[in-house]
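In what follows, a structure is listed as structure tokens, so that the remarks can point back to it.
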């Protein structure tokens, strides 16, 4: 299928053969899970773009969903950093022109490296001109295939191949696992450095308890978060993206203890978009978390909470102003 994003067409298909429906007959492939499309992935894409330019062909990414670890180890699945649609958008943003998203299953995982190559990397309509992978990427049953297997495949097929080394920032190897760990620990700056952009969460606005507007004069959008990793509870300076536009925002993550509800201790992700008063119910929005502001507190009454919110908003406006001038 094709996804339209801000007047750009993003190709996302389930096989190499399906690329021909979009006029793609020659391609260089970057292969990987690409969760988060972090700076390590971006380095891989940079190498792919150079290879594609050399061969005058389409730069494409071959990826998988669900995450392989979710299928292989369902008791301990990794929380995806971004939803599938966002991953496709990010790959396109960094230069990929077409995405092949292969459904990952136990049957797929049981393939030998040779079967993976035969079933996924051969196409009657698309000629592969080159392949780029991370140097540590493994494939096939039990991770028995590695870059040397793909290198031999490339040599036999007479096309380019490059295994790109892992990216190191400071003393840390950039990885989706390292980014999840940083977010969970509240290290948003470190996560953002590895991502190459502020960490964000996407969600659908759902109905809340209707107290932030009437009682606090600062209505909030309650986001249903399906994908992503939540940082520690608290109040954050943020930027909300609605309809492609950025708005300063205050985010509260937690259980809203001032409005104690014994029957509901579920964690909520509440966003107050500063200077925005349109109805957002059912809308999908993205929220970039920029900086931790304070812990979540229980106030004696709504008046004290309202005064704190006013102060928070002034602090957040200053944080965002400083952030823009970094």
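The values are calculated or read from the model by the stated rules, or taken from the named source; none is laboratory data. Please read these numbers as outputs of a predicted model, since none were measured by experiment. For neighbour counting, all protein chains shown are included, and Cβ atoms are generated from backbone atoms with ideal geometry for every residue, glycine included.
Quick check on this structure: which one of 30, 18 is assigned to a strand (DSSP E or B) and in contact (Cβ under 8 Å) with a residue 40 or more places away in the chain?
30
Given the criterion modelled with pLDDT under 95, part of a strand (DSSP E or B) and either closer than 27 Å to residue 42 by Cβ or not assigned by TED's automatic domain parsing to the domain that holds residue 296 (or both), identify the matching residue among 272, 246.
Matching residue, one of 272, 246: 246.
Among the residues of the stretch 126-148, is any in a loop (DSSP other than H, G, I, E, B) and farther than 18 Å from residue 33 by Cβ?
Within the stretch 126-148 (the criterion being in a loop (DSSP other than H, G, I, E, B) and farther than 18 Å from residue 33 by Cβ), the answer is yes, since at least one residue qualifies.
In the stretch 16-33, how many residues are over 13 Å from residue 58 (Cβ atoms) and out of contact with any strand residue (DSSP E or B) (no Cβ under 8 Å at 6 or more places or on another chain)?
So the count comes out to 1.
Please state which one of 167, 188 is within 23 Å of the chain's Cα centre (by Cα), in the same structural domain as residue 27 (by TED's automatic domain parsing) and farther than 20 Å from residue 126 by Cα.
167
Any chance you could count how many residues in the stretch 161-185 are buried (at least 16 other Cβ atoms within 10 Å of the Cβ) and outside any helix (DSSP H, G or I)? Steps first, please.
Filtering the stretch 161-185 down to residues buried (at least 16 other Cβ atoms within 10 Å of the Cβ) leaves 161-164, 167, 174-176, 178-180, 182-183.
Now restrict to residues that are outside any helix (DSSP H, G or I): 161-164, 167, 174-175.
So the answer is 7.
Touching a strand residue (DSSP E or B) at 6+ places or on another chain (Cβ under 7 Å), at pLDDT below 95 and surrounded by fewer than 17 Cβ atoms within 10 Å (Cβ to Cβ): which single residue out of 10, 3 fits that description?
Going through 10, 3 in turn, just one is touching a strand residue (DSSP E or B) at 6+ places or on another chain (Cβ under 7 Å), at pLDDT below 95 and surrounded by fewer than 17 Cβ atoms within 10 Å (Cβ to Cβ): 3.
Check whether at least one residue in the stretch 284-294 is more than 30 Å from residue 178 (Cβ to Cβ), in a strand (DSSP E or B) and touching a strand residue (DSSP E or B) at 6+ places or on another chain (Cβ under 8 Å), and report yes or no. I'd like the intermediate steps shown before the answer.
So the first thing to find is which residues in the stretch 284-294 are more than 30 Å from residue 178 (Cβ to Cβ), and the list is none.
Checked against the condition, which is being more than 30 Å from residue 178 (Cβ to Cβ), in a strand (DSSP E or B) and touching a strand residue (DSSP E or B) at 6+ places or on another chain (Cβ under 8 Å), the stretch 284-294 yields no hits at all.
Please work out which one of (1) more than 18 Å from residue 228 (Cα to Cα); (2) modelled with pLDDT under 95 is the condition residue 74 fails and give its number.
(1)
Among the candidates 81, 62, single out the residue that is part of a loop (DSSP other than H, G, I, E, B), in contact with a helix residue (DSSP H, G or I) (Cβ under 8 Å, 6 or more places away or on another chain) and at negative phi.
81 is the lone residue from the list that is part of a loop (DSSP other than H, G, I, E, B), in contact with a helix residue (DSSP H, G or I) (Cβ under 8 Å, 6 or more places away or on another chain) and at negative phi.
Looking at 154, 217, 212, which is the one that is at pLDDT below 95, in contact with a strand residue (DSSP E or B) (Cβ under 6 Å, 6 or more places away or on another chain) and either under 30 Å from residue 270 (Cα atoms) or in a helix (DSSP H, G or I) (or both)?
154
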